[in-house]
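The values are calculated or read from the model by the stated rules, or taken from the named source; none is laboratory data. Nothing here was measured: the structure is a model prediction, and the numbers come from that model. No Cβ is skipped: glycine too gets one built from the backbone with ideal geometry, and neighbour counts run over all protein chains shown. We work out accessible area using only protein heavy atoms, side chains counted, and drop any ligands, DNA or RNA first. Shrake-Rupley method; radii C 1.70, N 1.55, O 1.52, S 1.80 Å.
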Amino acid sequence: MELPTRPTLFDFHGVSMVKYFTDNWENIQNFEARPDDILINSYPKAGTTWVCYMLDLLYFSNMCPERQTFVPLHERVPFLEISSPPRPKGTDLIDQLSTSPRLIKSHLPVQFVPKSFWEQRCRFVYVARNPKDSVVSYYHFGRMNGIHPEVGDWSTFLQDFMEGKMVFGSWYEHVNSWWEKKQTYSNLHYMFYEDLSENFGRETDRLCSFLGLSPSAEEKEKVRAAVMFDNMKQDKMANSSTIQIMNHEVSPFMRKGKVADWKNHFTVSQNEHFDKDYKQKMKNPELRFRTEI
Ligand code: A3P
């Protein structure tokens with residue numbers, strides 16, 4: 001499969017980006033959010049797709065089950081800032097949504113979110129994942145995704161991650177600034193990949209309570225079964241296999257879905273170096289990631 005020419009990273013208002021997420025900037029910034037829109041946001045590779053699928057099923061699986069069979073997840077929950085021709089722009093896909101609420105995916109740092117989302121008091125679901133697994137997942141994703149820059153070797157990629165030279169910028173700034181936003185903006189649910197992995201039922205209940213949903217035990221069980229890693233991996237509408245810019249032979253999008261896979265990638269000295277740097281950057285004692293497990 002032929003992938004597009006790899007883009008280069010450039011500084012975009014202080015954040016490293018590639019053109020595929022900035023080319024449609026005017027439309028993104030002027031995006032007109034509706035009060036019931038729900039924005040699912042994360043730094044890349046935090047389990048966004050997992051949570052997008054959960055929300056899609058919680059809202060719509062009873063209403064229109066055929067969505068799951070025929071419509072790829074990236075069309076059910078469009079990616080706001082993406083613009084990678086010949087695929088339709090994220091903003092165009094959102095305009096075509098006929099369901100309500102509209103579920104919208106984004107990786108934008110908090111300062112880039114279109115102002116209408118705040119003005120309309122929209123709800124946000126923010127997904128965070130520990131940085132060591134995030135960088136490993138991002139590395140393999142960069143290898144298989146043609147709209148990301150070349151990843152280079154693992155140790156350079158890891159250093160670049162620590163310096164914020166990644167598409168969507170610094171992981172540290174992303175997770176911290178969304179955490180700070182949550183302190184003043186009550187319509188924001190901040191959740192963790194590791195918690196979802198540890199206790200899916202408890203996290204589903206928390207999410208539903210935030211969204212004001214009360215699915216039956218049977219409905220919750222259906223959602224749990226559908227989004228289990230092995231089932232999602234087989235599900236052509238949810239495993240990103242229909243996205244042409246990705247080469248799943250290099251590395252599948254649904255790669256491992258595990259906590260602490262970083263242990264298979266970090267050397268002892270990389271881990272020590274990372275931990276030291278992490279302590280300096282992550283000063284807020286309330287925002288804790290499980291970097292030791
Ligand atoms: P790995 O590369 O570690 O396997 P995003 O959707 O934000 O791009 O995140 C992708 C990561 O979430 C990948 O991590 C992917 O395997 C994992 N993931 C996706 N669906 C999952 C699921 N149902 N259960 C566990 N992990 C999942």
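Restricting the range 80-98 to residues that are hydrophobic (A, V, I, L, M, F, W, C) and either in a loop (DSSP other than H, G, I, E, B) or in contact with a Ser or Thr (Cβ under 7 Å, 6 or more places away or on another chain) (or both) leaves a set whose member that is surrounded by the fewest Cβ atoms within 10 Å (Cβ to Cβ) is LEU97. Could you check THR242 against (1) surrounded by 18 or more Cβ atoms within 10 Å (Cβ to Cβ); (2) in contact with a Pro (Cβ under 6 Å, 6 or more places away or on another chain) and say which number it fails? Unmet for THR242, out of (1) surrounded by 18 or more Cβ atoms within 10 Å (Cβ to Cβ); (2) in contact with a Pro (Cβ under 6 Å, 6 or more places away or on another chain): (1).
For ASP277, the conditions (1) assigned to a helix (DSSP H, G or I); (2) open to solvent by 40 Å² or more (accessible area, probe 1.4 Å) are fulfilled apart from (2).
Just checking, which of MET232, MET237 is in contact with a Pro (Cβ under 8 Å, 6 or more places away or on another chain), crowded, with 18+ Cβ neighbours inside 10 Å and within 27 Å of ASN145 (Cα to Cα)? Break it down into steps so the answer makes sense when it comes.
Values: MET232 fails: in contact with a Pro (Cβ under 8 Å, 6 or more places away or on another chain).
On inspection, the qualifying residue turns out to be MET237.
Of all the numbered requirements in (1) under 25 Å from ILE147 (Cα atoms); (2) in contact (Cβ under 8 Å) with a residue 60 or more places away in the chain; (3) surrounded by 15 or more Cβ atoms within 10 Å (Cβ to Cβ); (4) not charged (D, E, K, R), TRP179 misses one, and that requirement is (1). Restricted to the range 123-144, and to residues there that are among the charged types (D, E, K, R) and surrounded by 24 or more Cβ atoms within 10 Å (Cβ to Cβ), the residue that is farthest from LYS45 (Cα to Cα) is LYS132. In the range 18-38, which residue that is over 23 Å from VAL125 (Cβ atoms) and among the hydrophobic types (A, V, I, L, M, F, W, C) is least open to solvent (accessible area, probe 1.4 Å)? Here the answer is VAL18.
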